[in-house]
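A short write-up of the structure that comes next.
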Amino acid sequence: MAFSVIKQRNLWWAISSAIILAGIIAMGISWSRPDIGAPLRPALDFVGGTRLQLELDCSVPNNCDGPIDIAQVREVLATQGLANSSIQLLDKDSGKKDKQIVSIRTKTLNVEERTNLQSALSQKIGAFDPKGIQIDTVGPTVGRQIFISGLTALLLSFAGITVYLTFRFKFDYAFFAFVALFHDVLITVGIFSILGLVLGVEVDSLFLVSLLTIVGFSVNDTVVIYDRVREVIARNPDLHINQVVDDAVNQTLTRSINTTLTTLLPLTCIFLFGGDTLKYFALALLVGFIAGAYSSIFIASTMLAWWRDRKSDPVTLATEKE
């Protein structure tokens, strides 16, 4: 029995709406929090400043007996004139022992200020492992340039895709493909906003790269379905648009699922074993690719059918450009 995507379209739209609404709420909460002040928790790439990641040296006796006390860390920062800094604990299991790591993001510090801060923290909470110390500094101007450049690239990709699909199909096709792309980006951003609130996950320049990749992947799936819609109409010009979309989705469903699964497998491996640098980049792609496959099958196609049926427009795609 053929699968009907049209019959349950209200369900597909409700699922997407619920996920997007949760993300929007999370973005609103993040924006209202003084320690974040943005829809997503920004990494050093965007806001500029200095980030110190310090790991306790557990080879020192009694140095790792208890967890790092954030209150003590904040007290030290206050004495250094850095009371508004962001503090995050990163407890990681190395397989042999728990690593106790504190990540501090603050204003730009020079070498002397960083040295004084590390010394004060070491005296207060314990000795740090020299091999586990990471220090990154980004100027605020560079951070803004990275954000503006990434956002510009994302907007241009949306515009370019819309123009291409308008010439390739028709404007209503292009519009609903745009809606599907926006759906994928909004879901990815919303989930990372939730992760930023719950787990302290930050977004950096790689996150913008992942959004651009998601847009390209999603539109590819949508174009495949739209092409099949046009082929079905060319063979059966009198068929109702709902049946046309159902037939097109069924004919491309296996291809879409297989393509998505084979893409998700290596991304899952990168997320699990690729290290901290690529971990959340891979996670963003995982979320976005799943959302992209979902939107191509359940959103872009059903909204197009709903619009054409609502307009009671005779189906004349057989005369469209090949």
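The values are calculated or read from the model by the stated rules, or taken from the named source; none is laboratory data. Keep in mind it's a predicted model, so treat the numbers as computed, not measured. All Cβ positions, even for glycine, are placed from backbone atoms using ideal geometry, and neighbour counts span all protein chains on display.
Taking the residues in the stretch 1-60 that are among the β-branched types (Val, Ile, Thr) and more than 20 Å from the chain's Cα centre (by Cα) as candidates, determine which candidate is nearest to Ile297 (Cα to Cα).
Residues of the stretch 1-60 that are among the β-branched types (Val, Ile, Thr), as a first pass: 5-6, 15, 19-20, 24-25, 29, 36, 47, 50, 60.
Filter once more, so that each one left must be more than 20 Å from the chain's Cα centre (by Cα): 5-6, 50, 60.
On the way: Val5: 8, Ile6: 10, Thr50: 44, Val60: 56 Å.
Step by step, filter the stretch 1-60, then rank; the result is Val5.
If you check Val244 against the conditions, is it surrounded by 15 or more Cβ atoms within 10 Å (Cβ to Cβ) and within 17 Å of Ala293 (Cα to Cα)? In short, no.
Matching residues to (1) assigned by TED's automatic domain parsing to the domain that holds Ile20; (2) surrounded by fewer than 17 Cβ atoms within 10 Å (Cβ to Cβ):
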| position | (1), (2) |
| --- | --- |
| Lys124 | no, yes |
| Pro130 | no, yes |
| Leu155 | yes, yes |
| Ala159 | yes, yes |
| Asp172 | yes, yes |
| Leu199 | yes, yes |
| Glu202 | yes, no |
| Ile214 | yes, no |
| Asp227 | yes, yes |
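Only helices (runs of 4 or more DSSP H) whose full extent lies in the stretch 1-84 are considered here, and the ones with at least 2 residues that are without any contact (Cβ under 8 Å) to a residue 12 or more places away in the chain and within 21 Å of Thr188 (Cβ to Cβ) are 9-32. Each residue in the stretch 299-322 was checked for being in contact with a helix residue (DSSP H, G or I) (Cβ under 9 Å, 6 or more places away or on another chain), farther than 25 Å from Phe207 by Cβ and modelled with pLDDT of 60 or more, and 10 pass.
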